[in-house]
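Student: My structure is below; once you've seen it, I'll send some questions.
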Amino acid sequence: MLIPPKYQLTNKISELLSSIQGSRDVIESLIIPPEIEQNIRRKSTLNSSLYSARIEGNQLTMDMLSIISPKDQRKIEVYNILKALNWINEKKRRKLTEKDILTLHRITMNGLIDLNNLGQFRNNMEAIFNSAGIAIYMPPPPRFINPSIMKLMKYINSSKEQFVPIKAVLSHYFFEKIHPFLDGSGRVGRLLIQMTLHNQGYGMKGILPLEEYLDNHRSEYYRMLEEPEKDATYYVEFMLEAISEAAKKGKELILQNQSPTIEDSLLPRRAEILRIIKDHKMVNFDQIRRRFVNINERTLRYDIKKLLDNRLINKLGMTKGVYYTTQRSSSKQN
């Protein structure tokens, strides 16, 4: 097994690296209010988590997340990935270790697999099957997993590859070839991309939802992971395209928030309540409550009060006959 896999530095790869670098420079250099940046990062990481889970077959949408039970395994899967992304973004930059890989697996698969397999490399042979049930790849036997992971960590922490985005995507490629876990290798492998980028200065403030691109091109993504190790050029081009598109989106979000409004700084639930009111033109409290069945009434009423205080919504009527509607925001602050 080649570490790293071979690739050719094509014109397309050079152009994509330049695009990624340009977006990174904008994201890192522009300063926006901390609460706005935090809000953008919160939405971006949730988006990444949702689409990473969807790649694995989870059918949840963003709208469904707020209304299904916290015990629903589909929701647990998404929020586990979110916890892992937050763990990555909160960590100081340092060398990656095998322990980091096991920690990512422990966070990502908590409550989804047997405790005996949580944060543990597989100890049996595995095969990768296509949609027709045909084995298309045989990962290395268990005895080779630890040595292979150690080689991978050495590659990631070295300066052998001068282009960090290429290092990140080749690390993912090699990790999936090892397929070190019984379940969760795909999710942890995509987190490894984010962690490598974050640790080596390309985290882009945690605003890099590349998983959406991968889900939208899922068949090609899986096909690219099957590329032979002797030449991973097409795979590198495809994955850099994903990072480039995600970085462009991150850059646009930063640029759009150079002149933020009150709405940009709203907490996610309050932003969702405002969106519901805007969509329906006029709603009562019961309609809002049905959307947030897991949130207590007092909390929801406080959220509505804050929207009223900021003059983002109007209250019509009295007591049980109250309805809420939207109005144009003012410059009043929280």
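The values are calculated or read from the model by the stated rules, or taken from the named source; none is laboratory data. Being a predicted model, the structure only gives us computed values, none of them experimental. Here the Cβ is made from the backbone with ideal geometry for all residues, glycine too, and neighbour counts use every protein chain on show.
Student: Taking into account only those residues within region 111-133 that are aliphatic (A, V, I, L, M) and surrounded by fewer than 12 Cβ atoms within 10 Å (Cβ to Cβ), which is nearest to ILE76 (Cα to Cα)?
Tutor: LEU115
Student: Just a yes or no: is a residue in region 41-55 loosely packed, with under 13 Cβ neighbours inside 10 Å and either modelled with pLDDT under 95 or not in a loop (DSSP other than H, G, I, E, B) (or both)?
Tutor: No, that holds for no residue.
Student: If PRO33 passes every condition in (1) more than 13 Å from the chain's Cα centre (by Cα); (2) in contact (Cβ under 8 Å) with a residue 24 or more places away in the chain; (3) surrounded by 13 or more Cβ atoms within 10 Å (Cβ to Cβ) but one, which one does it miss?
Tutor: In the conditions (1) more than 13 Å from the chain's Cα centre (by Cα); (2) in contact (Cβ under 8 Å) with a residue 24 or more places away in the chain; (3) surrounded by 13 or more Cβ atoms within 10 Å (Cβ to Cβ), PRO33 misses (3) alone.
Student: Is there a residue in region 100-118 that is in contact with a Pro (Cβ under 9 Å, 6 or more places away or on another chain), hydrophobic (A, V, I, L, M, F, W, C), in contact (Cβ under 8 Å) with a residue 60 or more places away in the chain and in the same structural domain as PHE175 (by the TED database)?
Tutor: yes
Student: What number of residues within region 160-198 satisfy the criterion of being assigned to a helix (DSSP H, G or I) and acidic (Asp, Glu)?
Tutor: Total satisfying the criteria: 1.
Student: Also, quick follow-up: Can you tell which of ILE243, ILE295 is surrounded by 12 or more Cβ atoms within 10 Å (Cβ to Cβ), under 29 Å from the mean Cα position of the chain (by Cα) and outside any helix (DSSP H, G or I)?
Tutor: ILE295
Student: Another one. Consider LEU300 carefully, then state whether it is farther than 30 Å from SER69 by Cβ, modelled with pLDDT of 85 or more, touching a Phe, Trp or Tyr at 6+ places or on another chain (Cβ under 8 Å) and not charged (D, E, K, R).
Tutor: no
Student: In addition: Out of all the residues in region 243-256, is one or more out of contact with any strand residue (DSSP E or B) (no Cβ under 6 Å at 6 or more places or on another chain) and modelled with pLDDT under 85?
Tutor: Yes, region 243-256 contains at least one residue that is out of contact with any strand residue (DSSP E or B) (no Cβ under 6 Å at 6 or more places or on another chain) and modelled with pLDDT under 85.
Student: Here is a further query. Does ILE262 satisfy the criteria of being surrounded by 14 or more Cβ atoms within 10 Å (Cβ to Cβ) and assigned by the TED database to the domain that holds ASP25?
Tutor: Taking the combined requirement at face value, the residue does not satisfy it.
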